[in-house]
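Structure record follows, encoded as structure tokens.
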Amino acid sequence: MVKEINKNKIYAEYFGSLETESLKIDYLRFNLKSYLHDSEIQNLAVYFRRLGFSSYKKERDKNKERTAIFNDKYSEVTFILYTTYHDGTHLEFAGKSANQLYFYIKSNKFNWNQLEKYGAFLRRIDTCYDRPQKSTDKVTNETFLEATIRHLKTNFPNNNLEYKRNRSGELIKVGHITNDKYYRVYLKGQCLRFEFEHKHRKTLNLYGNFLKTKQFRQLEQRISYEFLKQTQHLFRYSQETEKVEWLAQRLRPFQTIIGLAPAATTINIHYMDQCPMKKLQKQDLIRLFQLLAYLKSLDSYKIANLRSKFRQYQFPVREFLYFANPTTEVNQYQLGKTIDFFNSLEHNLVFKFLADKDYRMLVTIPEASATKVQNQWIAEVWVANEIFNYFEPFLFTDYFKQNKMTVDEFSVLFHIIQRFSVNNLRKDFDILRFYPSKLNGTRKKKIKDLFLRYIKKLQQEGKIQEQVLFPLQSESNPNRLINISDLNAQHLVEPFVIFEVLQVSFVE
């Protein structure tokens, strides 16, 4: 039976191996259905010794003291003789030892019969992501952890949360240790470690089956999926974004894949240079995004191979103008400007304002022109085939389709979208630097009101968080965080920050 895929959901099949996702296994525990005798433990210890594991045993799970059986190897396995939550002996592999055992299993160097004869089943598996400290970091790990516990208490008040300091540094625990979903964030050397315990019984049964049947691709896809789903759940509304940008970069492409809105109402924009642009350059860049959205809506095209595969499109120029501005009647001036736009495309005049070099190379159009055929202007455009499968990160409602957009409306909206076109979930704004000081008070007030209008629209669409951060506290803004619904023009006299929300939905 073929599984029906819901395009609005993210599935495990969308993820890659643990190595691809920069994840690793940090803990493995197997439960045996029976209690082992000393001789049986000894036999297993001898087998693990041949694999390079020292062996230890301890009476109870919570005991720190353990007795060595063999302690002359680098990796370790611990036999736990009694637990309060499940009968039978447990085998525990922690840290690098867990990763080493998984390597042996995956490379077919581990004999499953050694455990299966005792009815072994997977009891727990931990996966983690290590985010290294960078010289460019503006926020310390300690500051991030302190902010994270405040964030979690606000957004998950019913969760069991713990924040403490141990010998290694700060540690955050989310959920009770006996829960199916138990998450930790802590310092590991020079890294900030995000760690998730997989303990859901049904999921572990699936993992165990994948292990025993050597379906490692499916296993790692599902492990990656579960880890990233839980991490996204906890950090979706974080306002200390620097340490979780790796998560945003991994999940942002899914916004385009899952199709959050009808294609005709959205434009996919990629990273735009933050450099100043002239009005005409801004208009051409938006028209380029609208053109790519329009081409994706067309079914009729030809495939040709130049140095790589390209699509050749032919369409009436007026049809594209109707798509880009459905509420505006096409006149000769608009038609002429659009014809000039097509004829200039192959000179790549506008592509230099795309910050992502890979994307810029894909969008580069080798041939584009508009010619008159029987009293009708026909555009011909060649576009790289790969662009239609490219993971464009920002999906925006095409506000530029409004009828008779004013100069200020266009400038404000373009400025917002340009500020969004950065990797960081944090988007910094300073309106006072946006407009020249010579503007009169009425015009400045109008521009601030336009900013508020678009910000509120973005929040209503779920693209940004509900609160705006004002990094500088003052008499006018005594509170660092203000709800968007409470914002007014007087608040915007200082720099402010809005936070992008990744619109992704995992299958439950």
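The values are calculated or read from the model by the stated rules, or taken from the named source; none is laboratory data. Because the structure is a prediction, the values reported are computed rather than measured. As a convention, Cβ positions derive from the backbone with ideal geometry for all residues, glycine included, and neighbour counts pool all protein chains shown. Remember, those area values only see protein heavy atoms, side chains included, never the ligands or the DNA or RNA. Shrake-Rupley method; radii C 1.70, N 1.55, O 1.52, S 1.80 Å.
The set of residues in the stretch 57-81 being open to solvent by 90 Å² or more (accessible area, probe 1.4 Å) and not basic (Lys, Arg) consists of Glu59, Glu65, Asn71, Tyr74. For the structure I just gave you, tell me whether Arg419 is basic (Lys, Arg), touching an Asp or Glu at 6+ places or on another chain (Cβ under 9 Å) and open to solvent by 40 Å² or more (accessible area, probe 1.4 Å). So Arg419 fits the description; yes.
For Ala355, the test of being in contact (Cβ under 8 Å) with a residue 60 or more places away in the chain, within 30 Å of Val504 (Cα to Cα), surrounded by fewer than 18 Cβ atoms within 10 Å (Cβ to Cβ) and among the small types (Gly, Ala, Ser) is passed.
Every condition in (1) part of a strand (DSSP E or B); (2) open to solvent by less than 80 Å² (accessible area, probe 1.4 Å) is met by Tyr163 except one, and the failing one is (2).
Among residues of the stretch 372-416 being open to solvent by 40 Å² or more (accessible area, probe 1.4 Å) and of a type in the set (Phe, Trp, Tyr), the one that is nearest to Glu500 (Cα to Cα) is Phe391. Anything in the stretch 184-231 that is surrounded by 20 or more Cβ atoms within 10 Å (Cβ to Cβ), at pLDDT below 95 and among the polar types (S, T, N, Q)? List them, or say none. Those that are surrounded by 20 or more Cβ atoms within 10 Å (Cβ to Cβ), at pLDDT below 95 and among the polar types (S, T, N, Q): Gln230, Thr231. For the stretch 48-66, a residue qualifies if it is touching a residue at least 24 places away in the same chain (Cβ under 8 Å) and of a type in the set (Gly, Ala, Ser), and the qualifying residues are Gly52, Ser55. Taken together, Arg311, Arg318 contain a single residue that is open to solvent by 60 Å² or more (accessible area, probe 1.4 Å) and under 18 Å from Ser369 (Cβ atoms), which is Arg318. Pairing each residue of the stretch 337-348 that is assigned by the TED database to the domain that holds Thr371 with any residue that is surrounded by 14 or more Cβ atoms within 10 Å (Cβ to Cβ) and basic (Lys, Arg), provided the two are 6+ apart or on different chains, yields C-beta distances under 7 Å for Phe341/Arg287. Does Lys134 meet the test of being open to solvent by 50 Å² or more (accessible area, probe 1.4 Å) and either in contact (Cβ under 8 Å) with a residue 40 or more places away in the chain or among the small types (Gly, Ala, Ser) (or both)? Taking the combined requirement at face value, the residue does not satisfy it.
In the stretch 362-389, the residues that are under 20 Å from Lys337 (Cα atoms) form Cβ pairs under 7 Å with partners that are assigned to a helix (DSSP H, G or I) and open to solvent by 40 Å² or more (accessible area, probe 1.4 Å), at six or more places apart or across chains, as follows: Ser369/Asn343; Ala370/Asn343. Per the listing Asn375, Asn385, Asn325, the residue uniquely on the phi > 0 side of the Ramachandran plot and assigned by the TED database to the domain that holds Leu291 is Asn375. Within the stretch 218-246, residues that are β-branched (Val, Ile, Thr) sit with their Cβ atoms under 7 Å from residues that are at pLDDT 90 or above and open to solvent by 30 Å² or more (accessible area, probe 1.4 Å), at 6+ positions apart or across chains, in these pairs: Thr241/Arg426. Restricting attention to the stretch 82-114 and to residues that are within 13 Å of Ala45 (Cβ to Cβ) and either of a type in the set (A, V, I, L, M) or crowded, with 18+ Cβ neighbours inside 10 Å (or both), the residue that is modelled with the highest pLDDT turns out to be Leu91. For the stretch 15-37, indicate whether the set of residues that are of a type in the set (D, E, K, R), exposed (fewer than 12 other Cβ atoms within 10 Å of the Cβ) and either within 26 Å of Lys199 (Cβ to Cβ) or not assigned by the TED database to the domain that holds Leu204 (or both) is non-empty. Yes, some residue in the stretch 15-37 is of a type in the set (D, E, K, R), exposed (fewer than 12 other Cβ atoms within 10 Å of the Cβ) and either within 26 Å of Lys199 (Cβ to Cβ) or not assigned by the TED database to the domain that holds Leu204 (or both). Among the residues of the stretch 423-454, the ones that are within 22 Å of the chain's Cα centre (by Cα) and crowded, with 16+ Cβ neighbours inside 10 Å come to 3 in all.
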